[in-house]
Structures are given as C-alpha cells and as structure tokens.
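Quick notes on the structure that follows.
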Amino acid sequence: IFFRIENLCRKMPSIDPSSALRAPLEKLEGIIGAILRNEGPPIPFRAEVRSAFGWTDVPEPPDEAQEEGNLVDLERHQANIPRLPIPTIKQTCETYLHSVRPLLTNEEYEYTEGCVNAFQAEGGDGERLQQKLQEYDAGTGTAQPPSYIERLWDHAYLTGRDPIAINVNYFFGFEDDPAPAKNTQVGRAASLLRGALLCYCDMRNMHWALDTERRSPLCMSQYKRVFGATRIPGISRDRLITYTT
C-alpha cells in the first residue's frame, strides 16, 4: 500500500479557486463529474464504508464478504510469488534474543537466554512446535496466500479487542500545500479527492503498474482493500467486507 501513496500525491495538482465559496464547490463538482464521465459508470459511494481495513485479511468466509463487481486483477502474478520460507528454530531464537536485549537488564537477559536455550534444545518444545509449523505450511501446498503467517496474523488481527485506531491501524499525513496562499480548505479537499478518484479509476480499469523488486513481482492482493473496505465489529472476532463496485 505504501508503494502507491506517492501515486496519489502526484495526482494532486494545486487547485486555485476564488475566495468565494461557490466557485470552489462548483470546481469540485466538475472534477468529480469529469472523472466519472471519462472512466465509466458512476462509483456508488456507501455511507457505511469506513477507513479501517485489515492489512493481511484473507478472502475467506465468514471473515470477509465481497460484493459482485469489476475488480482489477491484482493477483495475476500470485502464482509466481515464492512462499515465505520458515526460519530455523535457531534463527527464530536468535532474532528473539536480539530484539529483547535492549529491553532487559543483564540479569534479566541471562535468565531469558536460559529459557530460550531450553526451548530450542533437542526434543524440547521448540523442536516440536517447529515441526508442527512445517507440517502446517506443507499442508497448504501452493494455496494462497503464499505465507504461513498470513492466516495466523488475520486471526490475531480480527480477534484483538484493543482500540484499533491507536494500537493497530497505521495512519499517514499529507505534505503542506506548496502554495497555501493560492488555495483554500475546499480547494485542498477537492485536490485530495481528485487524486484519490484517479487512483481508484486506474485500479478499476487495470492501469495499475506491477509492483516489483529486482524484477520479481510482489504481492498486490491488498490493493483491492484500499478503497471500499471496512471492518465490521463482532463479539469475539470481527469480519472484513469489501465493496468492489
């Protein structure tokens, strides 16, 4: 998702409405109308759609429902994405010790290190759990998602009962307008909305460039949840819904 934020920002030209309120509102209406006329049928905005959505949700009922509609094929290269390799138990334990070291006193770290060594000892809990994880990953075969973490992460994400806005979901801010003296609050809103709509139309009409790293395709399955996606609260587990029209 972060890879495309710059696309949205590039499509936000400065709008220079007059000081009167009527002119910028008419300009905003004209921008939206032009985009919708050029790109196809109107986009049905839904009042119930919020900005909260999962990073790693899985399109698997009952966690997520999806309406019928045209959705750009953002997963056309999924079959070419290698599965996430499982680190050895030794690598996992070393990473854990490295991450907790700055948080512990010398005495606390020595105790933690002893617990970790016992955990990864031959015949210990670590070896047994590592085997179960490898069996779990092998059982999914070539199925998507190509990560043994994703469904486990979904479960943790959707069952978390802490406040989402400050504990889970990310946020981002926009840079200040390059010419604030020539703009207004309504004009700024129109510019941001225009950029968002152009990005949505690019995605809907399959004009979205392929994300790659060293010429290898990256997973793009989450892009379809940038727009029209929301998290529906549940008692013990939430669910995700995506509107694709």
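The values are calculated or read from the model by the stated rules, or taken from the named source; none is laboratory data. Bear in mind that the values here come from a model prediction, so they are computed numbers and not experimental data. Glycine gets a Cβ as well: all are built from the backbone with ideal geometry, and neighbour counts include every protein chain shown.
Filtered by the rule that a residue be under 25 Å from Glu150 (Cβ atoms) and in contact with a Gly (Cβ under 7 Å, 6 or more places away or on another chain), the stretch 94-119 gives a lone residue, Phe119.
Residue under question is Ile235, and the condition is that it be surrounded by fewer than 18 Cβ atoms within 10 Å (Cβ to Cβ), assigned to a helix (DSSP H, G or I) and free of Cβ contacts under 8 Å to residues at least 60 places away in the same chain; does it hold?
The answer is no for Ile235.
With the condition kept exactly as written, say whether any residue in the stretch 132-140 is among the acidic types (Asp, Glu), under 26 Å from the mean Cα position of the chain (by Cα) and closer than 29 Å to Arg215 by Cα. Looking for residues that are among the acidic types (Asp, Glu), under 26 Å from the mean Cα position of the chain (by Cα) and closer than 29 Å to Arg215 by Cα, one finds at least one in the stretch 132-140, hence yes. Listed by first and then second residue, the pairs linking a residue in the stretch 178-204 that is over 21 Å from Gly228 (Cβ atoms) to a residue that is aliphatic (A, V, I, L, M) and surrounded by fewer than 18 Cβ atoms within 10 Å (Cβ to Cβ), with Cβ atoms under 7 Å apart and 6 or more places separating them unless they lie on different chains, are Val186/Leu21; Val186/Leu25.
A single member of Thr88, Thr92 is among the hydroxyl-bearing types (Ser, Thr, Tyr), surrounded by 14 or more Cβ atoms within 10 Å (Cβ to Cβ) and out of contact with any strand residue (DSSP E or B) (no Cβ under 6 Å at 6 or more places or on another chain), and it is Thr92.
Taken over the stretch 207-245, the criterion of being of a type in the set (Asp, Glu) and touching a Gly at 6+ places or on another chain (Cβ under 9 Å) is satisfied by Asp238 alone. Among the residues of the stretch 134-176, the one identified as modelled with pLDDT of 80 or more, in a loop (DSSP other than H, G, I, E, B) and of a type in the set (S, T, N, Q) is Ser147.
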